[in-house]
Amino acid sequence: MSALGMTSLVVLVGFGVLLLLVILTYNKLITLRNRFNNAFAQIDVQLKRRYDLIPNLVEIAKKYMQHERETLEAVIAARNQAAGAAKRAAGNPGDGAAIQQLALAEGALTGVLGRLFALAEAYPDLKANQNMMQLSEELTSTENRIAFARQAFNDGVMTYNIARESFPAVLFAGALGFDQAQFLELTEERERQAPKVAF
């Protein structure tokens, strides 16, 4: 075999190995991206449940808290903003800006819910209302499910980002459309101000 033939064979084998490496890396990144997208879908289900509970909660509170109209309207406005942010994030959980907007909207919603529940303390009849207690328990349960789903999502994002930044994926992940994913992080302030919904 001539030197030219040997060089051609080495180049061909090298190209084949590189192509195989790209294919395997691509498939791995696709799998990991689909996993964190699925994990976000679980968050989305729980967020929708939360958004469905809030208008019912406000409706019950309206009967007792007629002088707190501003707070009740703020809760509905924050709920609508969070629902819109969640819809945008659900469209592409890999979009860091959408995830960040969702975290901010959720923080605002949690803040006004906390204010609503703090004001509800001043209304004993509202606190004793059976429907309000049931909705509060459901909201607490949903908040816990959101926290668990968020942890699963963040774990999936971390695994994906590590694989994306590891060799050899780091060489061509960006070129193949695998951008870094954003964690769904809650600010410390939001975590400290989580609403207390147990009556």
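List of remarks:
- Out of 32, 19, 24, 53, one residue alone is under 20 Å from residue 186 (Cβ atoms), more than 14 Å from the chain's Cα centre (by Cα) and assigned to a helix (DSSP H, G or I). It is 53.
- Contact map, the range 1-25: residues that are touching a residue at least 12 places away in the same chain (Cβ under 8 Å) paired with residues that are surrounded by 10 or more Cβ atoms within 10 Å (Cβ to Cβ) and part of a helix (DSSP H, G or I), Cβ distance under 8 Å, separation 6+ or inter-chain. Pairs shown: 22/172; 25/169; 25/172.
- Only one of 39, 78 that is within 21 Å of residue 186 (Cα to Cα), among the small types (Gly, Ala, Ser) and out of contact with any Leu (no Cβ under 8 Å at 6 or more places or on another chain): 39
- From 84, 107, 114, 94, residue being more than 18 Å from residue 186 (Cβ to Cβ) and either in contact (Cβ under 8 Å) with a residue 60 or more places away in the chain or buried (at least 19 other Cβ atoms within 10 Å of the Cβ) (or both): 94
- Out of 151, 182, sole residue that is touching a residue at least 60 places away in the same chain (Cβ under 8 Å) and under 18 Å from residue 38 (Cβ atoms): 182
- Unique match (being modelled with pLDDT of 90 or more and closer than 30 Å to residue 21 by Cα) among 145, 150, 88, 164: 164
The values are calculated or read from the model by the stated rules, or taken from the named source; none is laboratory data. Remember, predicted model here, so these are calculated numbers, not experimental data. Positions of Cβ are generated from backbone atoms using ideal geometry, with glycine treated the same way; all protein chains shown enter the neighbour counts.
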